[in-house]
Amino acid sequence: MKIAFVGKGGSGKTTLSSLFIRHLVADGGLVIAVDADINQHLGPALGLDEAEAAGLPAMGDRLPLIKDYLRGSNPRVLSTETMIKTTPPGAGSRLLRVRENNPVYDACARPVELDGGAVRLMVTGPFTDADLGVSCYHSKTGAVELCLNHLVDGPDEYVVVDMTAGSDSFASGMFTRFDITFLVAEPTRKGVSVYRQYKEYARDFGVELKVVGNKVQGRDDVDFLRAEVGDDLLVTVGHSDWVRAMEKGRPPRFEHLEDTNREALRLLRTTVDSAYERRDWERYTRQMVHFHLKNAESWGNERTGVDLAAQVDPGFVLGESLTVSV
């Protein structure tokens, strides 16, 4: 299952995504965590110190390797140079599975030990001074989108992506790559403004969106969020001494997280697991192709010098029954 956490900067989406990851791992789930935010904070939220977080391999720096592996023997993709972030898989492409080892994970993923288990963590890499004026952040998140396009995941397998803040996620089709999106919102006008943008953009693509109210202090905050987002409000989260200790670098064992917050995390997982029954691989593939054709026409064809529409395999549908090429 593919899960996105989105929200405005400072909403607490990274904290909540890290708590959800810890919850999944503690319950025996197999998890890949991806930090796709321009501010790379997921590693520290999972317990890494600054040096460990800074030493994580950046997916954006390993894009040629990722492209070479995923291209496989797909005859429709003439070379890795003609692959862009939206290139869809087809016959001959190599696919990624959560439960495997492969060169992409070897190069880009690192295990992070958590209470009771471990998570594979992948990061886009920070936006550096060298990038200023010569590239946009989406050149880095493109590696994440390409991997999601080639990912086949099943029940009890979780890919949790901490997305870039605000509505910046809509600069590509990556917002449609998830089974469910959790939008973290504070009980303020600014807190729900991103929700309105996300709801409007996502409406035409069948994106399943649920709101997690954060920093909620009482009934008035709950009533405000309910009035603003209606039935999309799934659960609310308030103050946590456990989180405050974690932010100081001294987290207790996860089993000591407050009962109310543990119950909220259980509801998030139940909501994710129930979305499995509504999976539509044909729609997923169709949307993938839709955004690829849009990107090809707007900039990809000119940049690569080829007609990228030819990369679309009309008979190919991504799905769990496919065999992963080696």
Among the candidates V77, V31, residue that is of a type in the set (A, V, I, L, M) and either open to solvent by 30 Å² or more (accessible area, probe 1.4 Å) or assigned to a loop (DSSP other than H, G, I, E, B) (or both): V77
Index of the failed condition, P155 passing every other in (1) in contact (Cβ under 8 Å) with a residue 40 or more places away in the chain; (2) farther than 30 Å from V104 by Cα; (3) not in a helix (DSSP H, G or I): (2)
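One line per residue, one yes/no per condition, for (1) closer than 23 Å to A275 by Cβ; (2) of a type in the set (D, E, K, R); (3) at pLDDT 95 or above:
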| residue | (1), (2), (3) |
| --- | --- |
| H23 | yes, no, yes |
| L48 | no, no, no |
| A54 | no, no, no |
| V77 | no, no, yes |
| M83 | no, no, yes |
Residue within the stretch 81-88 that is touching a residue at least 40 places away in the same chain (Cβ under 8 Å), within 20 Å of the chain's Cα centre (by Cα) and not in a loop (DSSP other than H, G, I, E, B) present: no
Identity of the residue in the stretch 119-150, modelled with pLDDT of 95 or more and either polar (S, T, N, Q) or surrounded by fewer than 20 Cβ atoms within 10 Å (Cβ to Cβ) (or both), that ends up farthest from L70 (Cα to Cα): R120
Residue list for the stretch 224-276, filter: among the hydroxyl-bearing types (S, T, Y), open to solvent by less than 30 Å² (accessible area, probe 1.4 Å) and not in a helix (DSSP H, G or I): S240
Contacts under 9 angstrom Cβ, first residue in the stretch 257-281 being under 17 Å from V31 (Cα atoms) and in contact (Cβ under 8 Å) with a residue 60 or more places away in the chain, partner surrounded by 14 or more Cβ atoms within 10 Å (Cβ to Cβ) and among the hydroxyl-bearing types (S, T, Y), 6 or more apart: R269/Y158; V272/Y158
Single residue of the stretch 153-191 satisfying the filter (within 15 Å of G213 (Cβ to Cβ) and at pLDDT below 90) that is nearest to the chain's Cα centre (by Cα): G191
Subset of the stretch 200-217 [part of a helix (DSSP H, G or I), open to solvent by 70 Å² or more (accessible area, probe 1.4 Å) and touching a residue at least 12 places away in the same chain (Cβ under 8 Å)]: Y201
Residue in the stretch 304-325 that is farthest from the chain's Cα centre (by Cα), counting only those that are open to solvent by 80 Å² or more (accessible area, probe 1.4 Å) and at pLDDT 95 or above: D307
Exclusive hit being surrounded by fewer than 18 Cβ atoms within 10 Å (Cβ to Cβ) and within 15 Å of N149 (Cβ to Cβ), set G92, G55: G92
Selection from the stretch 3-28 of residues that are of a type in the set (F, W, Y) and either touching a His at 6+ places or on another chain (Cβ under 7 Å) or assigned to a helix (DSSP H, G or I) (or both): F20
Any chance G12 is among the small types (G, A, S) and open to solvent by 30 Å² or more (accessible area, probe 1.4 Å): no
Selection from the stretch 284-294 of residues that are surrounded by fewer than 21 Cβ atoms within 10 Å (Cβ to Cβ) and under 17 Å from Y201 (Cβ atoms): Q287, H290, K294
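The values are calculated or read from the model by the stated rules, or taken from the named source; none is laboratory data. These numbers come from a predicted model, not from an experiment. Cβ coordinates were reconstructed from backbone atoms using ideal geometry, including for glycine residues, and neighbour counts include every protein chain displayed. In case anyone asks, the SASA skips ligands and DNA or RNA and just uses the protein heavy atoms, side chains included. Shrake-Rupley method; radii C 1.70, N 1.55, O 1.52, S 1.80 Å.
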